[in-house]
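Peer 1: Can you keep this structure in mind? I'll have questions shortly.
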Amino acid sequence: PQVACTICRGTAVSNSETFELDDIDWDDLGFGLVPTDYMYVAKCSKDGNFSKGDLQCFGNIEMNPSSGVLNYGQGLFEGLKAYRKLDGSILLFRPDENALRMRMGAERMCMPAPTTEQFVEATKMTVLANKRWVPPPGKGSLYIRPLLMGSGAVLGLAPAPEYTFLIYVSPVGNYFKEGLAPINLVVENEFHRATPGGTGGVKTIGNYASVLKAQSLAKAKGFSDVLYLDSVHKKYLEEVSSCNVFVVKRTTISTPAIKGTILPGITRKSIIDVAHSLGFQVEERLVSVEELLDADEVFCTGTAVVVSPVGSITYLGERVSYGKTGVGAVSQQLYSSLTSLQMGLSEDKMGWTVEL
Ligand code: COI
């Protein structure tokens, strides 16, 4: 890498003792942390301006036990991916969208946020420093995880006096253990992910800790994940723990509208545009749970899950199955169109990819 760690001055590669590139089975990556070489770290104190930031060897960070993020959950994260093209170059997918979403979330969580420019530059720098970890074409991607956290000490409930913006990366494959095979969801009746006026619409860390209970109960029963309903009417679809949801009926594709309780997914937004460009009618609206009964296909979208077909959904003990022959045609078409653009296999007419 062209930038040496400012802490170890290039004398150590933190990762070399624990994990090496040769240890990776590129055909069986899954979605678990593979420690890489470098992470980016910038700090922001009371003046609201972030330091220029630099690359450090990937490793543990020090945190005051009284920090805002550890005590009161004042934190946000993002997720985006880099793909290796056939010619060896690397493509980022819509990093400016993640920067904007982090800025939106930071406003809600009373945190200062890096500018879009700093976010995108820091992302490029981190990926380039770790470029040997970007999987070969077709074998997965480099998942990029930006974090923004209240790292300064607080005891009374208040915004932290100092913030850390950090980016680390890890090569990843498929998110669900099913791989690209359809997943089985259960509609959650007891727990809710978000409420109107809450933080469901931003990518704050607490939204993810709070779904673990329902998710682990569902997994214990053999389901892949949980599909949440709105907390007021207990009737309209919201999202899955880690992704957005779409319902297909003939040539119409419907997805719950963004109204503060649903994460505004960047893959969600991209799939809506891709679907339009392929001639589908797309509706962002209230989608009632009954619509699952006569849907032709259901699929989920997210950076981590990409486009994941749903094989069955269980609601109040009744199981509805989709696509008896495997992945539905519409899910497959959307998956192929989006991923070939992301991997640089088709022309990017949308202007979404950024080449490094
Ligand atoms: C992503 O898709 O990038 C996410 O942030 C979801 C996460 C639970 C893996």
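Peer 1: May I ask for the equivalent-ellipsoid semi-axes of the chain, computed as the square root of five times each C-alpha gyration tensor eigenvalue and listed largest first in whole Å? Walk me through the numbers before you get to the answer.
Peer 2: Details: eigenvalues 223, 127, 68 Å².
Whole-Å semi-axes of the equivalent ellipsoid: 33, 25, 18.
Peer 1: Rounded to the nearest 0.05, what FRET efficiency is calculated for Glu117 and Leu316 with R0 set to 51 Å and r the Cβ-Cβ distance?
Peer 2: On the way: r = 49 Å, r/R0 = 0.97.
About 0.55, to the nearest 0.05.
Peer 1: So if I take the centroid of the Cα atoms in segment 223-246 and the same for segment 288-352, what is the distance between those two points in Å?
Peer 2: So the two Cα centres are separated by 15 Å.
Peer 1: Only counting other Cβ atoms within 10 Å, I'd like Arg132, Arg108 sorted with the fewest neighbours first.
Peer 2: Values: Arg132 10, Arg108 15.
The fewest-first ordering by Cβ neighbours comes to Arg132, Arg108.
Peer 1: Sum up the charges of everything whose Cβ sits under 11 Å from the Cβ of Tyr143, counting Lys and Arg as +1 and Asp and Glu as -1, but leave Tyr143 out. Can you show the working numbers first?
Peer 2: On the way: positive: Lys81, Arg145; negative: Glu78.
Here the count lands on +1.
Peer 1: Also, quick follow-up: Positive end of the dipole of the chain, charges at C-beta (+1 Lys, Arg; -1 Asp, Glu), about the Cα centre: which of Val330, Pro196, Tyr83 has its Cα farthest in that direction?
Peer 2: About the Cα centre, the residue reaching furthest to the positive side is Pro196.
Peer 1: For the chain, give the share of DSSP beta bridges that are antiparallel, in percent and rounded to the nearest 5; count only bridges with both residues there. If you can, show how the numbers build up before the last one.
Peer 2: Working: 54 of 66 bridges.
If I count the DSSP bridges inside the chain, around 80 percent turn out antiparallel.
Peer 1: Explain nothing, just compute: Karplus ³J(HN,Hα) = 6.51 cos²θ - 1.76 cosθ + 1.60, θ = phi - 60°, for every residue of segment 30-44 in order, whole Hz, x for Gly and Pro.
Peer 2: These are the phi-based 3J(HN,Hα) values: x, 10, x, 5, 10, x, 10, 7, 10, 10, 9, 9, 10, 10, 9 Hz.
Peer 1: Here's something else I'd like to know. Based on DSSP H runs of at least 4 residues, each adding -39500 (n - 2.57), what is the mean residue ellipticity at 222 nm of the chain after dividing by all its residues, to the nearest 500 deg cm²/dmol? Could the numbers behind the result be given before it?
Peer 2: Details: 7 runs with 72 residues, N = 356.
For the chain, the value works out to -6000 deg cm²/dmol.
Peer 1: Starting from 0.36 nm per residue, how many nanometres of slack lie between Ile258 and Leu286 once their C-alpha separation is accounted for?
Peer 2: Values: separation 28, 0.36 × 28 = 10.08 nm, distance 0.95 nm.
Additional length available on full extension: 9.1 nm.
Peer 1: Based on the alpha-carbon gyration tensor of segment 170-294 and its eigenvalue square roots a ≥ b ≥ c, which shape applies: rounded if a/c is under 1.5, prolate if not and a/b is larger than b/c, or oblate? Show your work: numbers first, answer last.
Peer 2: Details: a/c = 1.38, a/b = 1.19, b/c = 1.15.
Rounded, because the longest to shortest axis ratio a/c is under 1.5.
Peer 1: Please give every one of the lysines within straight-line cross-link reach of Lys221, meaning a C-alpha to C-alpha distance under 29 Å, and leave out same-chain neighbours fewer than 8 residues apart.
Peer 2: The reachable lysines, counting only those whose Cα sits under 29 Å from Lys221, are Lys177, Lys203, Lys213, Lys234, Lys235, Lys249, Lys324.
Peer 1: Report the gain in length on full extension from Thr195 to Leu356: 0.36 nm times residue separation, minus Cα-Cα distance, nm rounded to one decimal. Provide the component values of the computation, followed by the final result.
Peer 2: Numbers: separation 161, 0.36 × 161 = 57.96 nm, distance 3.97 nm.
Using 0.36 nm per residue and subtracting the Cα-Cα distance, I get 54.0 nm.
Peer 1: Give the shape of segment 122-220 as rounded, prolate or oblate, defined through the alpha-carbon gyration tensor: a ≥ b ≥ c are the square roots of its eigenvalues, a/c under 1.5 means rounded, and otherwise the shape is prolate if a/b is larger than b/c and oblate if not. List each step's numbers first, then the result.
Peer 2: On the way: a/c = 2.91, a/b = 1.04, b/c = 2.80.
Oblate.
Peer 1: Quote to one decimal, in nm, the extra length available between Ser346 and Ser51 on full extension: 0.36 nm per residue of separation minus the C-alpha distance between them.
Peer 2: The span from Ser346 to Ser51 would gain 102.4 nm if fully extended.
Peer 1: For Cys44, Cys110, Cys243, which order do you get if you count the other beta carbons within 10 Å of each Cβ and list the fewest first?
Peer 2: Working: Cys44 22, Cys110 12, Cys243 26.
Fewest-to-most ranking of Cys44, Cys110, Cys243: Cys110, Cys44, Cys243.
Peer 1: Using alpha carbon centroids, what distance separates segment 89-126 and segment 33-82, in Å?
Peer 2: 13 Å
Peer 1: For a test of the definition: using alpha carbon positions, the gyration tensor, and the 1.5 limit on a/c, classify segment 224-356 as rounded, prolate or oblate.
Peer 2: Details: a/c = 1.90, a/b = 1.52, b/c = 1.25.
Prolate, because a/c is 1.5 or more and a/b exceeds b/c.
Every number here is computed from the coordinates shown, using simple stated rules; none is lab data. The shown structure was predicted, so the numbers you read here are calculated from the model rather than taken from an experiment. In this analysis, Cβ positions are derived from the backbone assuming ideal geometry, glycine residues included, and neighbour counts consider all displayed protein chains.
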